[in-house]
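Down below is the structure, laid out as structure tokens.
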Ligand code: HEC
Ligand code: HEC
Ligand code: HEC
Ligand code: HEC
Ligand code: HEC
Ligand code: HEC
Ligand code: HEC
Ligand code: HEC
Ligand code: HEC
């Protein structure tokens, strides 16, 4: 047992390397046979004409696209490598599980007039296996737009190419955001030069928010509602009060505390709790900082640390504000000896002054009450006065 048989080890190594080579060749191969071989292992046996192999025997080839009545083209060639790498093929989801109307060739006559209609018809297939996302999408802003017949609103396959979709966590935040850019390109362009977007796109920074961190994915809501506006403060604060993230960038985590302590924040956060449906005209984070174009406050051209830029932000709601106006406001600072010393010392002064004054007042009042009670209940001793030799009781 203990004796090592060198010949056997040699054989095993040879076998292992042969298997490795086969594996590499296998995974590099683009042939439809590979996809077919995979699907032959499927749990549900398929008939000849509905196997992936049968479908791909035509669809792997370059075909003239089908023209829809709208004039749009339906490209019917399927990239076999992409499909083999897709999350669906990796999980043995077959062509006919999504295309249940196809049982071979010729195919049934198409009813869709446009590409959008065609995609909507096919989306029905997703519901069977992804019920949660389908229900969520129905209740979202995009879903409502689809219900209203908006032909620009996204179907599942606008965001997920069913023939090449990867696992979502194999994709970066930037790749997710690019999906949105297909339709919201203007916003994506604006975002891409913001402090958040630049960090993500140039440095692949995953700490900054992409589109879906602020809007959600299948639950995207209308951004013009009071609910969205009032709760947006916490959207920003979620990250900006998290020291584990902010310390890396040397950014203050007091931005929420200081905001809630000022007149704007006090009202907004009160509304958020008591009347979330009531819109407020007080400033939320993005009124001052921007939305998709947020910049570092130290940006030399547009940063809010530059007084003139800050003033412009204030003037959108305080049109009469003059250069000195922001001075009446502490920004996100908690006053200290260096920053806002006057406010700091005045606050300190009051911290001692108020207890002393109030305490003194209280002492005075208490002692006064005591004196009066004493006067009332403790009768003074009769004082004897002598009038011309007689003793007179003064209490009579
Ligand atoms: C003999 C070749 C051939 C085979 C086999 C074949 N197709 Fe097709 N397919 C075509 C051609 C040609 C078109 C375009 C004309 C048309 O729509 O009939 C097409 C169109 C399609 C379309 C787009 C239009 C539509 O009707 O939805 C889908 C989806 C499709 N095929 C899926 C499949 C699936 C799934 C299989 C396997 C069950 C399959 N095809 C087998 C040739 C084939
Ligand atoms: C996960 C579901 C799913 C699987 C698996 C799937 N398809 Fe599709 N397929 C769709 C959807 C959804 C559409 C319509 C949306 C679109 O255009 O991408 C579509 C569209 C098509 C089209 C029309 C052209 C196009 O791209 O719009 C063809 C052809 C097609 N599929 C063939 C196939 C073949 C062949 C297979 C198997 C190798 C397959 N599909 C596997 C969901 C799927
Ligand atoms: C506007 C684009 C968009 C639309 C429309 C959309 N998705 Fe998604 N979906 C995404 C993005 C982006 C992710 C990645 C989310 C993440 O990383 O958390 C995702 C994630 C998923 C996931 C992975 C699990 C999860 O919830 O994160 C599934 C499954 C899914 N989508 C299915 C669907 C189905 C089914 C539909 C149609 C009913 C659909 N999606 C519509 C963009 C979209
Ligand atoms: C027959 C069932 C089936 C159908 C139909 C189907 N899928 Fe899937 N899908 C799966 C399976 C299985 C996975 C892998 C899930 C896993 O491993 O967690 C998957 C994964 C996904 C993922 C990645 C999920 C993740 O967690 O990363 C997305 C996105 C997705 N599907 C979208 C779609 C869309 C869009 C459609 C409709 C065009 C569709 N699927 C139709 C079975 C299906
Ligand atoms: C296929 C096109 C398409 C894709 C892809 C798409 N959207 Fe949209 N989206 C629309 C349309 C159309 C509207 C309604 C018109 C508008 O407000 O621009 C809309 C509306 C919105 C709204 C609501 C705007 C409002 O008025 O309050 C938000 C938020 C939004 N999309 C975010 C996203 C995000 C995030 C993604 C990526 C995950 C995305 N969209 C992907 C087409 C798309
Ligand atoms: C830091 C959070 C944040 C990020 C990141 C973000 N958004 Fe927004 N977005 C908002 C807020 C807040 C509003 C509401 C603005 C308002 O009410 O004026 C908004 C509004 C919108 C609207 C509707 C209003 C409009 O201008 O049309 C769309 C569409 C939209 N965002 C899409 C996107 C897309 C696409 C991305 C990614 C490129 C993205 N957003 C990234 C916070 C964000
Ligand atoms: C997913 C987490 C996350 C969310 C949500 C988020 N941020 Fe940020 N933000 C960051 C990170 C990380 C940085 C630092 C980026 C860098 O410097 O590279 C940053 C940077 C900033 C800066 C620049 C600070 C400076 O001067 O350098 C401002 C201003 C800012 N965010 C405001 C906001 C506002 C307003 C919102 C809400 C509309 C918001 N952020 C939402 C993570 C987030
Ligand atoms: C009334 C306008 C206004 C509002 C509302 C506001 N900010 Fe600011 N914020 C500023 C100004 C101005 C600065 C620059 C600080 C300075 O130099 O005074 C700043 C600085 C910042 C910084 C940089 C901090 C650092 O360490 O350099 C971040 C991050 C930030 N704000 C996030 C937020 C968040 C999150 C909210 C909402 C909870 C918010 N801000 C609300 C005006 C505002
Ligand atoms: C989105 C609108 C909006 C923005 C932007 C805004 N404010 Fe205000 N602010 C208000 C409203 C509304 C009030 C309450 C006014 C009232 O009750 O008379 C207020 C009140 C104030 C007050 C209390 C004194 C007063 O006039 O009632 C000060 C000080 C103030 N803001 C400073 C600022 C500064 C400094 C900026 C810029 C950095 C700024 N605000 C930006 C909406 C805004």
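Return yes when residue 83 is within 13 Å of ligand 1 (Cβ to nearest atom), at pLDDT 95 or above and in the same structural domain as residue 162 (by TED's automatic domain parsing) and no when it is not. Here the answer is yes, as residue 83 does meet what is asked. The residues of region 151-165 that are within 16 Å of ligand 4 (Cβ to nearest atom) and surrounded by fewer than 16 Cβ atoms within 10 Å (Cβ to Cβ) amount to a single one, 161. The residue that is surrounded by the fewest Cβ atoms within 10 Å (Cβ to Cβ), among those in region 112-150 that are under 21 Å from the mean Cα position of the chain (by Cα) and outside any helix (DSSP H, G or I), is 139. Restricting 241, 280 to those that are at pLDDT 95 or above and more than 16 Å from ligand 2 (Cβ to nearest atom) reduces the list to 241. All of (1) in contact (Cβ under 8 Å) with a residue 60 or more places away in the chain; (2) not assigned by TED's automatic domain parsing to the domain that holds residue 227 hold for residue 349 with one exception: (1). It is to be established whether one or more residues within region 180-192 are within 16 Å of ligand 2 (Cβ to nearest atom) and surrounded by 16 or more Cβ atoms within 10 Å (Cβ to Cβ). No, region 180-192 has no match at all. Confirm whether residue 218 is crowded, with 16+ Cβ neighbours inside 10 Å, in contact (Cβ under 8 Å) with a residue 60 or more places away in the chain and more than 16 Å from ligand 8 (Cβ to nearest atom). Yes.
Here no helices (runs of 4 or more DSSP H) wholly within region 64-103 include at least 3 residues being in contact with a strand residue (DSSP E or B) (Cβ under 7 Å, 6 or more places away or on another chain) and more than 7 Å from ligand 2 (Cβ to nearest atom).
Residues are listed down the side, and each one gets a yes or a no for (1) within 16 Å of ligand 4 (Cβ to nearest atom); (2) farther than 20 Å from residue 304 by Cβ; (3) part of a helix (DSSP H, G or I); (4) out of contact with any helix residue (DSSP H, G or I) (no Cβ under 6 Å at 6 or more places or on another chain):
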| residue | (1), (2), (3), (4) |
| --- | --- |
| 179 | yes, yes, yes, no |
| 183 | no, yes, no, yes |
| 188 | no, yes, yes, no |
| 196 | no, no, yes, yes |
| 201 | no, yes, yes, no |
| 217 | yes, yes, no, yes |
| 223 | no, yes, no, yes |
| 232 | no, no, yes, yes |
| 237 | no, no, yes, no |
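Residues of region 91-111 that are surrounded by 13 or more Cβ atoms within 10 Å (Cβ to Cβ) and away from ligand 1 (no atom under 13 Å from the Cβ): 92 alone. In region 203-215, of all residues being within 16 Å of ligand 8 (Cβ to nearest atom) and in contact with a helix residue (DSSP H, G or I) (Cβ under 7 Å, 6 or more places away or on another chain), the one that is nearest to residue 279 (Cα to Cα) corresponds to 214.
The values are calculated or read from the model by the stated rules, or taken from the named source; none is laboratory data. Being a predicted model, the structure only gives us computed values, none of them experimental. In this analysis, Cβ positions are derived from the backbone assuming ideal geometry, glycine residues included, and neighbour counts consider all displayed protein chains.
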